[in-house]
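The values are calculated or read from the model by the stated rules, or taken from the named source; none is laboratory data. Keep in mind it's a predicted model, so treat the numbers as computed, not measured. We place every Cβ from the backbone using ideal geometry, glycine too, and count neighbours over all the protein chains shown. Please note that ligands, DNA and RNA were not included when accessible areas were found on the heavy atoms of the full protein model with its side chains. Shrake-Rupley method; radii C 1.70, N 1.55, O 1.52, S 1.80 Å.
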Amino acid sequence: MKSTLLKSTLFIATVALSLNSYSQINYYGVTGNMVAGDFDQDGLLDDIAAFNTADEIPTLTLWTSENSKMQEQEAYCQLSFDFLGASSLNAKIVAGDFDNDGFIDDIASIYEIGIDKTSVTVWLNNEGQFTPKRWWYGADFDANQTYQTLVSGDFDNDGFVDDIAAFYNYDMKATKVYVWLSDNKQFGWPGTWWIGKDFDATRIQGTIVSGDFDQDGFKDDLAALYDYSDGFCKAFVWTTNKNKFNWPYTWFAQSGFEAEKLKGNLIAGDFDQNGFDDNLAALYQNDENSSSILVFKRNKAGFDQPETWWYGANEAITANMRLVTTDLNNNSQNDQFTGLTISGTTASLTTWTAEDNQFTLPEEVWQGIALSLEDCNKNGGCITNELSGGITVYPNPNNGQFTIEIPKGKDDLISITVYNVLGSQVLSLQAQTGQIMPIDMSNLKTGSYVIQMTGNEMNLKQNVIIQ
């Protein structure tokens, strides 16, 4: 039995609330933080967990499956002693069997705890109560440089999905892939399993996924779509030999494939039902009003040209990185995926099932009431569909000098305003989307400040600490 120690302080918080199914929630805060697993320990990968980072103190929501329908509840989740801010978790959450109890029911995250200081924390699940353990600490490691690239897998082939890997982006377009191997109690010092001296990790579209692309029976390979500046796209696959990744093969290449239209909606699974998680599925935005599900099937030389297995409305926009591979039909095949979509004041979990080289009509397995964009803007800001999870402030805390990184979006200009704890404006400027902007507030007093970033498509607030 896993032990649980519940405390309550400013940075060690226990969440013990039950969600009212009729209450309105800012579900925009779960963007990039959804994972699938067996959180009720019934032997089936048919549950979903999501950290909601809309507020300063994140909450953990669980959706557990029963008869192909999902029930929502807020989990007991204790925050670790070194936790700084909710936004540090964005798009850096994975699920795995880190304690080797036979269930993929634990959660791990890599996040910043100071200037170039990083923690890898594992939340161990004990009957729905998640207790944190620091499994690794890096005194000269910038968690922000991993972007949206954290994945879990069985990279050492020990039979447990208890390891994690991340792409680390250095200056001058150099990239390393680090792997943290688990001994079910902690992570060892990360090994450098691949180095790309002319590989820019920021050009990876749709995040990194792990799977069994070489069909060796282990979830120990990586795949990513890489977007070149001239509109040329490649799908790279890194296979492993237990202690490093081989040089990536090009499994797909095409000009004119607009990878940025994936909106982060890329997953791996067994969609052709051949017994291996060796396919990619992408929820692709055709335009503002239509989406397609593109499937990359494995062949002997790589991936086939993507096939359209489903055509629908604007799910690629309303899902926006809230997508996971699931087994709600309990057939022991990862041939389904589920997305959390937000439209107006409705939040829905929708499941697509692969069948005979197509996805059947999507089934709504849960529905909740979401805050509208207007309402959640009034209550502290929404993480919007266009720029969610992509604005990065680092380092945080800092000495007054830090960087704001803004992804490309529909807004030409973003307004950046900084307020002190009294609500007084201390800085105001404008920036272009896609810009990396250095900020100098070293003339201000130490303490906590609020950065507000606004545009036609966004109203987001984030804390920054000057030490």
Q: Could you pull out every residue, at least 5 positions away or on a different chain, whose amide H is within less than 5 Å of the one on Leu181? Hs are placed 1.01 Å off N in the peptide plane, and Pro or chain starts have none.
A: Gly188, Gly191
Q | Under-5 Å amide H pairs with Phe130, H placed in peptide plane, nonlocal only | A | Tyr76, Cys77, Gln78
Q | Cα-only radius of gyration and Dmax that characterise segment 139-289, units Å | A | 15.4, 47
Q) If you rank Tyr147, Tyr226 by how much accessible surface each has, with a 1.4 Å probe, what is the order from largest down? A) Tyr147, Tyr226
Q: Could you pull out the trypsin sites (Lys or Arg not before Pro) across segment 167-215 that fall in loop regions by DSSP (anything but H, G, I, E, B) with no more than 14 other Cβ atoms inside 10 Å?
A: Lys185, Lys197
Q | At R0 = 60 Å, FRET efficiency that the Cβ-Cβ distance of Asp304 and Gln425 yields, to 0.05 | A | 0.65
(Q) If I model a spin label as a point 7 Å beyond the Cα along the Cα-Cβ vector, how far apart are those points for Gln73 and Ser290 in nm? (A) 4.3
Q | For segment 53-62, Karplus couplings with θ = phi - 60° (6.51, -1.76, 1.60), whole Hz, Gly/Pro x | A | 9, 5, 10, 5, 9, x, 10, 10, 9, 10
Q) Solvent-accessible area per residue for the chain at a 1.4 Å probe radius, Å²? A) 41
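Using r as the Cβ-Cβ distance of Gln435 and Tyr170, and R0 as 22 Å, what FRET efficiency do you calculate, to the nearest 0.05? Intermediate values should be presented prior to the final figure.
Working: r = 20 Å, r/R0 = 0.92.
Rounded to the nearest 0.05, the efficiency is 0.60.
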Q. For segment 279-365, what class follows from the C-alpha gyration tensor (a ≥ b ≥ c being the square roots of its eigenvalues): rounded when a/c is under 1.5, otherwise prolate if a/b is larger than b/c, else oblate?
A. oblate
Q) What nm value, rounded to one decimal, do you get for the distance between Asn274 and Lys133 when each label is placed 7 Å out toward the C-beta? A) 3.8
Q: Quickly work out the Gln215-to-Thr345 label distance, labels modelled 7 Å from Cα along the C-beta direction, and quote it in nm with one decimal.
A: 5.2
Q: Go through (i) 202; (ii) 136; (iii) 157 and flag the label whose value is the computed volume of the Cα convex hull per residue in Å³ for this structure.
A: (ii)
Q | Net charge contributed by nearby residues that have their C-beta within less than 13 Å of Asn144 (K/R +1, D/E -1) | A | -2
Q: Using a 1.4 Å probe over the heavy atoms of the protein chains, calculate the carbon and sulfur portion of the accessible area of segment 162-240 as a whole percent.
A: 48
Q | Ordering of 53-61, 93-101, 447-455 by burial proxy (mean other Cβ atoms within 10 Å per residue, highest first) | A | 93-101, 53-61, 447-455
Q: Identify all aspartates and glutamates with a Cα-Cα distance to Lys92 below 15 Å; exclude those on the same chain that are fewer than 8 residues away in sequence.
A: Asp106, Glu112, Asp142, Asp163
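What value, in deg cm²/dmol to 500, does the helix sum -39500 (n - 2.57) over DSSP H runs of n ≥ 4 give at 222 nm once divided by the residues of the chain? Provide the component values of the computation, followed by the final result.
Values: 2 runs with 11 residues, N = 467.
Taken over the chain, the calculation gives -500 deg cm²/dmol.
Between Lys445 and Tyr249, what length comes free when the chain is fully extended (0.36 nm per residue of separation minus the Cα-Cα distance, one decimal in nm)? Provide the component values of the computation, followed by the final result.
Working: separation 196, 0.36 × 196 = 70.56 nm, distance 5.11 nm.
Taking Lys445 through Tyr249 to full extension adds about 65.5 nm, to one decimal.
So, R0 is 35 Å and r is the distance between the beta-carbons of Tyr228 and Asn456; what FRET efficiency does that work out to, to 0.05?
Numbers: r = 29 Å, r/R0 = 0.82.
Efficiency at R0 = 35 Å is approximately 0.75.
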Q. What residues qualify as long-range amide H neighbours of Gly400, i.e. H under 5 Å apart, gap of 5 or more or another chain, H built at 1.01 Å from N?
A. Gln467
